[in-house]
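Remarks on the structure that follows.
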Amino acid sequence: MPHAFRRPADTYSPLYFLASLGAGGLTVTFFMYLMFWVPHKSRPVPVFEDIMAVFDTGSVALKSATLLAMIGIAVFAVLNVKSLIWNLSALSRFRKTEAYAALRASNAETTLLAAPLAMAMTVNAMFIVGLVFVPNLWSVVEYLFPMALVAFLAIGVWAFGTIGDFLGRVLTKGGVFDVTAHNSFAQLLPAFALSMVGVGLAAPAAMSHATLTVGASLVFSTFFGFAAILYTVIAATTAFSSMLQHGTAKEAGPTLMVIVPIMTVLGILFLRQGHGLHVGFDAHTTAGETMVFLARLLTVQILFLMLGLLVLRRQGYFTDYVFGTQTSPGSYALVCPGVALSVMIHFFVNKGLVGAGVIDKFGAGYWAITAVALVAQAAMIVLVFRLNRQHFTLPSDAAMVPGE
């Protein structure tokens, strides 16, 4: 090599796929503006034509919010894809190293699930880009849904293959899993990946009018959704036991809040399924039931946010890894809970409180709660750029090191 490692990201970890994931998640947060503020009565989601109508007839405030959403979606979709491509290339090189062989023989093998997780997010993000920027997309969308199902199923097979390699190794060879290093929620990454595949598979159920497509979407998304739930329960239970004995691993501290994005993704999955059951199979869920369902998910998220922030503050994680000079690729796991909380609040306010008639849309209460989502989104935007600068730029005091 002409120069020694100089950027933190040059010492590669599959957890850098979380940089792509975070950017994709921010794309979704901007889509929430369009989803809940732009009228789209004839469709379950807003499309290009609905957005253009805003610029013709909408208020100045709505036009401004719509323009901001489109810019945000474009910027973070590009960042998402750029980071994904960089990671795929870096992972390809990493596979040829001794460090990769060591990773495959350790608990950290599950970090490889960050790759299909990020890939699934990118497919979701690209669908959003299509809805927002491609004219007349809705006229051919029924042809796209089967393609989307195939794409997510392929990613799901990839994820299960990686999980199978890990579980096959640790469950058939005694002593290869280090229980003392299981003192975080890092092992929930496979569940996160499965849930992300599941929510992608549930999208056609919420939007298609073809019974076969809706049925396939419901069945496949149920499989991945419940696989994610089972994995979450088992991994979280065993991890919490280890944390009680050994304390929480400092670098993996952010994983304590991975429950937050898992809850948001599974929540959207079940909402999509509910819509598909209503439209396609005449099954009904009341607005009150939806409100309470979302309130329960939000409660779980808040509790785990409180737990995670408590531990991170006690450990001085932010002082060292976010605002300090130390770096850890696991810091990107901090982006997911903030993004997921923002998205969940939008759903809770609009599908829950407004849907049940508890508050008026665009009233004072509406904006008071929505402001929390907007603040969380803004904080995560700042965090993403902060972490990218920390990990992907050359330190100002870096010295040139001659090649050997």
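The values are calculated or read from the model by the stated rules, or taken from the named source; none is laboratory data. Just so you know, these numbers come straight off a predicted model, no measurement behind them. Don't worry about glycine lacking a Cβ; one is built from the backbone with ideal geometry, like all the others, and counts go over all protein chains shown.
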What are the pairs with Cβ atoms under 8 angstrom where one residue, in the stretch 357-380, is more than 14 Å from Phe36 (Cβ to Cβ) and the other, located anywhere, is part of a loop (DSSP other than H, G, I, E, B)? Sequence gap at least six, or different chains. Gly365/Ile359
Return yes or no: is Phe31 buried (at least 22 other Cβ atoms within 10 Å of the Cβ) and over 30 Å from Thr327 (Cβ atoms)? yes
Would a scan of the stretch 254-272 turn up a residue that is of a type outside the set (S, T, N, Q) and either surrounded by fewer than 19 Cβ atoms within 10 Å (Cβ to Cβ) or in a loop (DSSP other than H, G, I, E, B) (or both)? yes
Quick check on my filter: what residues within the stretch 150-172 are closer than 20 Å to Asn124 by Cβ and touching a helix residue (DSSP H, G or I) at 6+ places or on another chain (Cβ under 6 Å)? Ala151, Phe152, Ile155, Gly156, Trp158, Ala159, Thr162
Can you confirm whether the stretch 274-293 contains a residue that is under 18 Å from the mean Cα position of the chain (by Cα) and either over 24 Å from Phe145 (Cβ atoms) or crowded, with 17+ Cβ neighbours inside 10 Å (or both)? no
Mind listing whichever residues of the stretch 94-108 are aliphatic (A, V, I, L, M) and assigned to a loop (DSSP other than H, G, I, E, B)? Ala105
Which residues, taken from the stretch 305-342, are in contact with an Asp or Glu (Cβ under 7 Å, 6 or more places away or on another chain), over 28 Å from Met32 (Cα atoms) and surrounded by 16 or more Cβ atoms within 10 Å (Cβ to Cβ)? Ser328
Residue pairs qualifying under the 9 Å Cβ cut-off, at least six apart or on distinct chains, with the first in the stretch 386-402 being farther than 25 Å from Leu334 by Cα and in a loop (DSSP other than H, G, I, E, B) and the second being modelled with pLDDT of 95 or more and among the acidic types (Asp, Glu), are none
For the stretch 231-252, indicate whether the set of residues that are among the polar types (S, T, N, Q), crowded, with 24+ Cβ neighbours inside 10 Å, in contact (Cβ under 8 Å) with a residue 12 or more places away in the chain and assigned to a helix (DSSP H, G or I) is non-empty. no
Residues in the stretch 37-82 that are surrounded by 14 or more Cβ atoms within 10 Å (Cβ to Cβ) and either closer than 17 Å to Asn136 by Cβ or of a type outside the set (A, V, I, L, M) (or both): how many? 17
The condition of being at pLDDT 95 or above, touching a Pro at 6+ places or on another chain (Cβ under 6 Å) and on the phi < 0 side of the Ramachandran plot holds, among Ala379, Ala340, Ala373, only for Ala340
Give just the number: which of (1) part of a helix (DSSP H, G or I); (2) touching an Asp or Glu at 6+ places or on another chain (Cβ under 9 Å); (3) of a type outside the set (D, E, K, R) does Ala154 not satisfy? (2)
Among the residues listed as Ile345, Ile302, the single one being of a type outside the set (Phe, Trp, Tyr), over 30 Å from Arg6 (Cα atoms) and surrounded by fewer than 16 Cβ atoms within 10 Å (Cβ to Cβ): Ile302
Can you tell me which residue within the stretch 294-343, out of those that are within 16 Å of the chain's Cα centre (by Cα) and of a type in the set (Gly, Ala, Ser), is farthest from Leu113 (Cα to Cα)? Ser342
Between a first residue in the stretch 130-158 that is under 19 Å from Ala210 (Cα atoms) and a second residue that is of a type in the set (S, T, N, Q), which pairs have beta carbons less than 7 Å apart while being 6 or more apart in sequence or on different chains? Glu142/Ser208; Phe145/Ser208; Phe145/Thr213; Pro146/Thr213; Leu149/Ser217
Identity of the residue in the stretch 83-95, without any contact (Cβ under 8 Å) to a residue 60 or more places away in the chain and surrounded by fewer than 14 Cβ atoms within 10 Å (Cβ to Cβ), that ends up farthest from the chain's Cα centre (by Cα): Arg95
Among what's in the stretch 312-336 and is modelled with pLDDT under 95 and among the β-branched types (Val, Ile, Thr), pick the residue that is nearest to Leu15 (Cα to Cα). Thr327
Residue within the stretch 267-275 that is more than 28 Å from Leu201 (Cβ to Cβ) and touching a Phe, Trp or Tyr at 6+ places or on another chain (Cβ under 8 Å) present: no
Being free of Cβ contacts under 8 Å to residues at least 12 places away in the same chain and either buried (at least 21 other Cβ atoms within 10 Å of the Cβ) or part of a loop (DSSP other than H, G, I, E, B) (or both) is the filter here, so list the residues in the stretch 8-28 that pass it. Thr11
For the stretch 8-38, name all the residues that are out of contact with any Pro (no Cβ under 7 Å at 6 or more places or on another chain), at pLDDT 95 or above and farther than 18 Å from Val123 by Cβ. Pro14, Met32, Tyr33, Phe36, Trp37
